[in-house]
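To keep things clear, I will list the structure first and then write my remarks on it.
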Amino acid sequence: MNSCVLVTGGAGYIGSHATLALLQAGHDVVVIDNLCNSSQESLARVSKIAGRTPKFLEGDIRESDFLRHVFSTHRIEAVVHFAGLKAVNDSLRQPLLYYHNNVNGTLQLCEAMSEAAVFRLVFSSSATVYGEGAQVPIREASPTGVPTNPYGRSKLMVEELLRDLAQSDARWRIAILRYFNPVGAHPSGLIGEDPNGIPNNLLPYISQVAIGKLKQLQIFGDDYPTPDGTGVRDYIHVQDLVNGHLKALAVIDRKPGLNVWNLGTGRGYSVLQMIRAFEEASGRSVSWQIAPRRGGDIAECWADPAKASAELGWEAQLGLSEMMADAWRWQSKNPRGYSSVSHGQHLANDADS
Ligand code: NAD
Ligand code: WQD
């Protein structure tokens, strides 16, 4: 058995980019995913770019027998845990599903890790765990708040679960990575974000308006106390984000216990700035109109990334123009995402055009 990194949710948006980066860094990778929000096509494309193939096992992190099988048949050294549900609106309609999947799923995973004596874990958390009144730039020491939806609460619960676990047993080495707003795609245009149905997030929405799939972007509020009145966020290129995971994996090797790092650029951009940057990168115009504020939104949110810089030696390298150019390359080459291709045909159609 070769030793390897287990990536849960590795067929998804961020997980597929991380799987690629891990393969390119020389790791062997086992991906587990139940494909509830992804397609195996992403991994076929990861293999094409890397020239190496991750091992894929279809299954659910809530299934302890499945996890036991994964750990007993592979020599897993560390786990990078992306598997989870992430749609804020769905979480309001189906809170039990979100708690079951995100909280219970992580609990099952930690139990299986403990049984297999695997104690290195990198967890995908979110800036959503910070309180509404958090002062920007947001530092890791800022208090966590009261998230406005079950998705956010599930992330906070998992953070607390992991904190208790690390305190209970000194063998655990856990990195909690709080992502700000991940965007963009691998520069090949072969892998990217493929949201189900109408996107909730800003950049996939903008891209789908630009490609003609959606008519018009609704800007949720122009009366925030920000320079142009629209919401300000810290958008981070997915390539930078996954590099942060590789750094965290290396650092927790020598840093036991629980560690929390923000992964953001430290710069905020407004919705209007994002639209303009996208139009510049794509050469397309994006129709928009002002709509009422969206419930639960805050005016501005960006990271203080100094802790990740000092402790991980990590800083975001890519700016807004790369985020936009790569998002547009992915969207324009794959207008219908991964579903544009049928098996056997993949890679020959959109992605290679
Ligand atoms: P994604 O939906 O593209 O990827 C998640 C993957 O997990 C999917 O492939 C899905 O099929 C799989 N999955 C879900 N439940 C599973 C289960 N029970 N068992 C096995 N596989 C399961 O989402 P993403 O954007 O790549 O996000 C990855 C992680 O990062 C998530 O935990 C998400 O909450 C977190 N995160 C995402 C963002 C963002 O804006 N994209 C921001 C902060 C945090
Ligand atoms: C960004 C800005 C909107 C869509 C969400 C989750 C968070 C995290 C990342 C997972 C805001 C505005 C958006 C649109 C708009 N996910 N907007 N029209 O809200 O910062 O964070 O995704 O962890 O938990 O809450 O990201 O991309 O939805 O919005 O005007 O159609 O764009 O109001 O100012 P957000 P977003």
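Structure summary
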{"item": "Scan of the stretch 230-243 for residues that are buried (at least 24 other Cβ atoms within 10 Å of the Cβ), more than 12 Å from ligand 1 (Cβ to nearest atom) and under 16 Å from the mean Cα position of the chain (by Cα), ordered by number", "result": "His237"}
{"item": "Residue in the stretch 189-201 that is crowded, with 22+ Cβ neighbours inside 10 Å, under 30 Å from Trp288 (Cα atoms), within 16 Å of ligand 1 (Cβ to nearest atom) and hydrophobic (A, V, I, L, M, F, W, C) present", "result": "yes"}
{"item": "The stretch 143-166, residues that are away from ligand 2 (no atom under 16 Å from the Cβ) and free of Cβ contacts under 8 Å to residues at least 40 places away in the same chain", "result": "Pro143, Glu160, Asp164"}
{"item": "Single residue of Trp328, Trp314 found to be assigned to a loop (DSSP other than H, G, I, E, B), of a type in the set (Phe, Trp, Tyr) and at pLDDT 95 or above", "result": "Trp314"}
{"item": "Counted residues, the stretch 146-191 - those being part of a strand (DSSP E or B) and either of a type in the set (Val, Ile, Thr) or more than 16 Å from Asn262 (Cβ to Cβ) (or both)", "result": "4"}
{"item": "Among residues of the stretch 250-280, those that are within 16 Å of ligand 1 (Cβ to nearest atom) and either loosely packed, with under 14 Cβ neighbours inside 10 Å or of a type in the set (A, V, I, L, M, F, W, C) (or both), counted", "result": "5"}
{"item": "Any hit, the stretch 57-74, residues being more than 30 Å from Asp297 (Cβ to Cβ), among the aliphatic types (A, V, I, L, M) and away from ligand 1 (no atom under 13 Å from the Cβ)", "result": "no"}
{"item": "Condition met for Arg45 (in a helix (DSSP H, G or I), over 15 Å from the mean Cα position of the chain (by Cα) and not polar (S, T, N, Q))", "result": "yes"}
{"item": "Selected residue (only one of Val79, Val31 is more than 25 Å from Thr148 (Cβ to Cβ) and touching a residue at least 60 places away in the same chain (Cβ under 8 Å))", "result": "Val79"}
{"item": "Residue selected from the stretch 1-37 under the condition of a type in the set (S, T, N, Q) and surrounded by fewer than 21 Cβ atoms within 10 Å (Cβ to Cβ), by the criterion nearest to ligand 2 (Cβ to nearest atom)", "result": "Asn37"}
{"item": "Sole exception among (1) surrounded by 14 or more Cβ atoms within 10 Å (Cβ to Cβ); (2) modelled with pLDDT of 95 or more; (3) of a type outside the set (S, T, N, Q) for Gly283, by number", "result": "(1)"}
{"item": "Filter result for Arg267 (in contact (Cβ under 8 Å) with a residue 24 or more places away in the chain, within 10 Å of ligand 2 (Cβ to nearest atom) and more than 28 Å from Asp164 (Cβ to Cβ))", "result": "no"}
{"item": "Test: Gly221 is among the small types (Gly, Ala, Ser), at pLDDT 95 or above and surrounded by 20 or more Cβ atoms within 10 Å (Cβ to Cβ)", "result": "no"}
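Listed here are the residues, each with its yes/no results for (1) within 12 Å of ligand 1 (Cβ to nearest atom); (2) surrounded by 15 or more Cβ atoms within 10 Å (Cβ to Cβ); (3) outside any strand (DSSP E or B); (4) in contact (Cβ under 8 Å) with a residue 24 or more places away in the chain.
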{"residue": "Ala83", "(1), (2), (3), (4)": "yes, yes, yes, yes"}
{"residue": "Lys86", "(1), (2), (3), (4)": "yes, yes, yes, yes"}
{"residue": "Gln108", "(1), (2), (3), (4)": "yes, yes, yes, yes"}
{"residue": "Ala112", "(1), (2), (3), (4)": "no, yes, yes, yes"}
{"residue": "Val118", "(1), (2), (3), (4)": "no, yes, yes, yes"}
{"residue": "Ser125", "(1), (2), (3), (4)": "yes, yes, no, yes"}
{"residue": "Thr128", "(1), (2), (3), (4)": "yes, yes, yes, yes"}
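The values are calculated or read from the model by the stated rules, or taken from the named source; none is laboratory data. Since the model is a prediction, treat every value here as computed from it, not as a measurement. A quick note on method: Cβ atoms are made from the backbone with ideal geometry, for glycine too, and the neighbour counts reach across all protein chains shown.
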